[in-house]
Structures are given as structure tokens and as C-alpha cells.
Amino acid sequence: MKWCCETFHNRYDAGGRPGLSVIVDRGFDDQPRFYLQGRAIPAGVDVRIDASADVQTVSEFVVDFCPWCGATLRKFYRKTAEELIRPGLKIPIE
Ligand SMILES: [Zn+2]
């Protein structure tokens with residue numbers, strides 16, 4: 001796998017763990033999309049939080065460019081994005 005930069009690679013490897021990570025999954029148009037995801041609790045761990053406020057344990061947003069090196073992600077990973085998709089990490093589309 002050729003990565004745009006080492007930080008992107010590191011954040012991709014961090015997927016599913018607490019902290020900031022890169023997730024690749026399909027968007028509304030079924031094409032691979034890149035997401036920056038922040039997670040408080042590891043993926044697959046079910047924790048009940050009793051709080052008076054609405055608490056999000058995971059959040060994410062689409063990015064078109066690498067936040068660290070500026071690469072145009074859909075262009076740079078056009079041949080490899082499908083391989084980068086890992087089921088179960090993205091917040092499901094409702
Ligand atoms: Zn990069």
C-alpha cells in the first residue's frame with residue numbers, strides 16, 4: 001500500500017481505538033469516502049453512560065484532502081480505496 005504520508009497511515013492503523021483516526025467506507029453515493037473519526041471508547045465495546053447531557057462517544061466527518069499533507073484523497077487512493085474499507089468502524093448511515 002502506498003500512503004500519501006506517514007501520519008495518514010498511522011491514523012488509519014488507529015481505526016477503532018480511542019482517539020483520532022482515519023476511516024474509509026462508502027458514502028451516500030456508494031463510493032469510497034474518507035472520514036476523520038474521533039472515538040472515546042474502543043469499537044465494539046458497549047458502555048452505558050448515565051449522564052444528564054447527550055453524550056457522543058464517536059463522531060466523524062468527511063474529508064476530501066489529507067489533513068496532514070494536503071493530498072486529494074479520492075485521487076491519491078483511487079486504485080486502493082476499496083482495499084482500505086473496514087466494516088464496522090464507520091458510524092452507520094441511517
Ligand atoms: Zn497525507
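Throughout, read-outs are computed from the coordinates displayed, never taken from laboratory work. Just so you know, these numbers come straight off a predicted model, no measurement behind them. A quick note on method: Cβ atoms are made from the backbone with ideal geometry, for glycine too, and the neighbour counts reach across all protein chains shown.
Shape analysis of segment 1-51 places it in the oblate category; the axes a ≥ b ≥ c from the Cα gyration tensor give an a/c of at least 1.5, with a/b not above b/c.
Computed log10 I(q)/I(0) for the chain at 0.13 Å⁻¹: -0.45, from the Debye equation with unit scatterers placed on every C-alpha and solvent omitted. Of interest is the spacing of the C-alpha centroids, which for segment 52-79 and segment 6-47 amounts to 8 Å. Straight-distance candidates among the aspartates and glutamates for linking to K79, with alpha-carbon spacing under 20 Å and chain neighbours fewer than 8 residues away dropped: E6, D13, D25, D29, D30, D64. Name the most mobile residue of D64, D13, D30, meaning the one with the largest mean-square fluctuation, in a Gaussian network model of the chain with Cα contacts below 10 Å. The residue that fluctuates most here is D30. Rounded to the nearest 20 debye, the dipole size of segment 6-59 about its Cα centre is 100 debye, using +1 on the Cβ of Lys and Arg and -1 on the Cβ of Asp and Glu.
Dividing the mean sequence gap of close Cα pairs (under 8 Å, 6+ apart) by how many residues the chain holds gives a relative contact order of 30 percent. When the charge dipole of segment 6-77 is built from unit charges on Cβ atoms (+1 for Lys and Arg, -1 for Asp and Glu) and taken about the Cα centre, the candidate among V22, Y77, Y12 whose Cα reaches farthest toward its positive end is Y77.
The magnitude of the dipole of the chain, with charges of +1 and -1 set on the Cβ of Lys/Arg and Asp/Glu and taken from the Cα centre, is near 400 debye. Computed over the chain with a Gaussian network model linking Cα atoms closer than 10 Å, the most mobile of R48, R33, R17 is R48.
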